[in-house]
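Everything below concerns the one structure shown next.
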Amino acid sequence: MTRIAIITGSTRPGRNNATVAQWIHDIAAKRGDAQFEVVDIADFDLPLLDEAMPPSFGQYAHEHTKAWASRIAEFDGFIFVTPEYNHSTSGALKNAIDYLHGEWNNKAAGFVGYGSMGASRAIEHLRGILAEVQVATVRNTVMLSLFTDFEEFSVFKPAPFQEETVNPMIDQVIAWSNALAPLRRPAAA
């Protein structure tokens, strides 16, 4: 069965990210067409990129990198939950992506963003970043507003219509992940 990681995009203390990721997981778990799992980048304690070799070589020296690579390699696609910090994604998420290369290749991704403008700018930046590591990003996105989907900017209470935006994005992530599957399989000898 297709495996989709819901990746948190923040490690900030008091972050809204884990709550939003869990909300996405709760919606996704009602489906029967894929397996979904929240992967929290905070659990990997990745320092600012500290590998001497470029990630495209796949020669990871540090245990934290090897653990992160192993985890990401398990999945066929991703849903990135990103905040918008200063018109872009978080440094922690960018760093986590930059650690790896081959583990991302030929997989699909969708986005759930939150911020004053629904994290639209963060999502657009992520599209370019992910294209470089050969992740195909889907059009449908979930854009949450700090003004209407969070009480006092901190308690996540999504507007009722927001749930209706989640499944169309997941539909695309699953379809694209499945379509890219032949590219992830090694060629027969």
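Below is a table of values for the structure above.
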quantity: Residue within the range 120-129 that is touching a residue at least 12 places away in the same chain (Cβ under 8 Å) and touching a Lys or Arg at 6+ places or on another chain (Cβ under 7 Å) present; calculated: yes
quantity: Subset of the range 1-59 [assigned to a strand (DSSP E or B) and of a type outside the set (Ser, Thr, Tyr)]; calculated: 3, 4, 5, 6, 7, 35, 36, 37, 38, 39
quantity: Pick from the range 131-158, criterion touching a strand residue (DSSP E or B) at 6+ places or on another chain (Cβ under 6 Å) and in contact (Cβ under 8 Å) with a residue 40 or more places away in the chain, ranking: nearest to residue 6 (Cα to Cα); calculated: 142
quantity: Pick from the range 13-48, criterion at pLDDT below 95 and surrounded by fewer than 15 Cβ atoms within 10 Å (Cβ to Cβ), ranking: farthest from residue 146 (Cα to Cα); calculated: 13
quantity: Residue list for the range 89-138, restricted to those being under 21 Å from residue 162 (Cα atoms), small (Gly, Ala, Ser) and either more than 14 Å from the chain's Cα centre (by Cα) or part of a helix (DSSP H, G or I) (or both); calculated: 115, 116, 118, 120, 122
quantity: Filtered residues of the range 50-82 (kept if acidic (Asp, Glu) and within 17 Å of the chain's Cα centre (by Cα)); calculated: 74, 76
quantity: Filtered residue count, the range 68-85, keeping only those that are touching an Asp or Glu at 6+ places or on another chain (Cβ under 9 Å) and either crowded, with 18+ Cβ neighbours inside 10 Å or not polar (S, T, N, Q) (or both); calculated: 7
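The values are calculated or read from the model by the stated rules, or taken from the named source; none is laboratory data. Please read all numbers here as calculations on a predicted model, not as lab measurements. Quick reminder, even Gly has a Cβ in these numbers, built from the backbone with ideal geometry, and neighbours come from all protein chains shown.
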